[in-house]
Amino acid sequence: MKVYPIACESLGTRSFAHIVVTDDIVIMIDPSVSLAPTRFGLPPHPLEIAASWKSRRTILDLIDNVDVIVQTHYHADHFTIGVERNFEFTNRKTFEVIYSQDKIILAKDHKHHLNFNQQKRAKWLWKKKNLDIKIADSSEYVFGDTKITFSDPVFHGIDSKRGCVVETFIEDCKSSFLYTSDVCGPATKEATDFVLEKSPDIVILDGPTVYHPNVTQEEKEVAFSNLKLITDNIPNVYIDHHYLRIKNWSEILKEEIGKVLPSFSQLNNQKPFLLEAIRKELHQQHPVNEKFYTNFNNGIYSREKFNQLLRDFNYYKYWLKLRSDVELMIERRI
Ligand SMILES: [Fe+2]
Ligand SMILES: [Fe+2]
């Protein structure tokens, strides 16, 4: 089994999209990309928009190879919504291409354990005609020697305010992998217990939401203590998403749990390049031409300029290699 991150904070966007290739199937998990519309009072820097564009392109380039889509919940950073969004490079067509009839979709139950907003979005998917869609919550699905097991719905944080997500555990004859999705730490015992009980070879988790002003000190402490419990028991834990929205993430981790964890990008040998966390510095050091946002919002942008921007910062190669690695891996399997 091989796991390839496509879009996440350590690759410059607010996302958690990845692809898992086993001998039996190709699984794409939470196929979406997003950017914080405002952070530090600033819009995304063009470099962030370029990373979003490249991640979105990669999802669309690889989607034809995918047999199974896993949808852990319906926030837009995980779920490609069918409306026009500029920074996310999505519209109705993007939604149609990703959630198409030729795939099996294993998705968070849309009727239970979701908040109102997510239920509304989930309906787009569940009402789509002729989709092969099944409930993920508390279920197991077997494809040859590959088994996908989903947790019971667990809170997206400490309580039900933001609904629930499902954690995803994938195993084949050789190895196992667990993706927590948005459990914010984990913030709860239930979300932590699922990880400990499965004890996978590799865990990808989203970490505590320390950047968020509404998260209390007590909540942070609980989240770090759950995280420590996991890292004390499981050797290969990668952290990303919520936790990697701050610059000094590794220092705080060292203080809180006594060690630094690798970012998700490092699973595929890429040094993390956090862009949202350094948005202020990006705007200061690489000021944006005042016409950029007006032009961009009017659909005037150059694909070549985005590529060049990523090349200038030495980030372009990641997605280039990712695409060829995934395609080679799929080919080799056949
Ligand atoms: Fe979420
Ligand atoms: Fe998220």
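The values are calculated or read from the model by the stated rules, or taken from the named source; none is laboratory data. Quantities reported herein were computed from a predicted structural model and do not represent experimental measurements. Methodologically, a virtual Cβ is constructed for each residue, glycine included, from the backbone with ideal geometry; neighbour enumeration extends over all protein chains shown.
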statement: Within the stretch 258-270, the count of residues that are among the aliphatic types (A, V, I, L, M) and surrounded by 19 or more Cβ atoms within 10 Å (Cβ to Cβ) comes to 2
query: Out of the stretch 159-172, which residues are within 16 Å of ligand 1 (Cβ to nearest atom), of a type outside the set (S, T, Y) and crowded, with 19+ Cβ neighbours inside 10 Å?
result: G163, C164, V165, V166, E167
- request: Residue by residue through the stretch 108-154, note down the ones that are touching a helix residue (DSSP H, G or I) at 6+ places or on another chain (Cβ under 8 Å) and closer than 18 Å to F194 by Cβ.
  value: K108, H113, T149, S151, D152, V154
message: Every residue in the stretch 125-149 that is in contact with a strand residue (DSSP E or B) (Cβ under 8 Å, 6 or more places away or on another chain), in a loop (DSSP other than H, G, I, E, B) and of a type in the set (S, T, N, Q), please.
response: S138, S139
query: Which of the residues that make up the stretch 54-66 are surrounded by fewer than 23 Cβ atoms within 10 Å (Cβ to Cβ) and over 17 Å from S100 (Cβ atoms)?
result: R57
- request: Could you check, for the stretch 107-124, whether at least one of its residues is buried (at least 16 other Cβ atoms within 10 Å of the Cβ), closer than 18 Å to F16 by Cα and away from ligand 2 (no atom under 16 Å from the Cβ)?
  value: no
- prompt: Do we find that H283 is closer than 20 Å to S181 by Cα and modelled with pLDDT of 95 or more in this structure?
  reply: no
message: Please verify whether D193 is part of a loop (DSSP other than H, G, I, E, B) and surrounded by fewer than 19 Cβ atoms within 10 Å (Cβ to Cβ), treating the condition exactly as stated.
response: no
task: Take the residues in the stretch 220-242 that are touching a Gly at 6+ places or on another chain (Cβ under 8 Å) and touching a residue at least 40 places away in the same chain (Cβ under 8 Å), then tell me which one is farthest from Q270 (Cα to Cα).
output: V222
- line: If you go through S181, S151, S175, the only one that is within 12 Å of ligand 1 (Cβ to nearest atom) and at pLDDT 95 or above is S181
query: In the list D137, D145, which residue meets the criterion of being within 16 Å of ligand 1 (Cβ to nearest atom), closer than 24 Å to D24 by Cβ and modelled with pLDDT of 95 or more?
result: D137
- request: Go through the residues of the stretch 173-181 one by one and say whether even a single one is within 19 Å of F16 (Cα to Cα), among the hydroxyl-bearing types (S, T, Y) and surrounded by fewer than 24 Cβ atoms within 10 Å (Cβ to Cβ).
  value: yes
message: Going by what's in this entry, would V20 be described as farther than 22 Å from R162 by Cα, out of contact with any helix residue (DSSP H, G or I) (no Cβ under 7 Å at 6 or more places or on another chain), modelled with pLDDT of 95 or more and not small (G, A, S)?
response: yes
message: Any residue that is surrounded by fewer than 17 Cβ atoms within 10 Å (Cβ to Cβ), within 24 Å of I204 (Cβ to Cβ) and in contact with a Lys or Arg (Cβ under 7 Å, 6 or more places away or on another chain) - is there at least one of those in the stretch 67-88?
response: yes
task: Identify the single condition in (1) over 23 Å from the mean Cα position of the chain (by Cα); (2) surrounded by 12 or more Cβ atoms within 10 Å (Cβ to Cβ) that E327 does not satisfy, given that it satisfies every other one.
output: (1)
message: For the stretch 195-237: of the residues being away from ligand 1 (no atom under 16 Å from the Cβ) and small (G, A, S), which is nearest to the chain's Cα centre (by Cα)?
response: S199
query: Just wondering, is there one or more residues in the stretch 32-45 that are within 16 Å of ligand 2 (Cβ to nearest atom), in contact with a Phe, Trp or Tyr (Cβ under 6 Å, 6 or more places away or on another chain) and not aromatic (F, W, Y)?
result: yes
query: Which residue out of V83, V97 is over 22 Å from F150 (Cα atoms), of a type in the set (V, I, T) and touching a Leu at 6+ places or on another chain (Cβ under 7 Å)?
result: V97
query: In the stretch 271-296, what residues are under 17 Å from I246 (Cβ atoms), acidic (D, E) and surrounded by fewer than 17 Cβ atoms within 10 Å (Cβ to Cβ)?
result: E281
- prompt: Regarding E167, is this residue of a type in the set (D, E), in contact with a helix residue (DSSP H, G or I) (Cβ under 6 Å, 6 or more places away or on another chain) and within 30 Å of E48 (Cα to Cα)?
  reply: yes
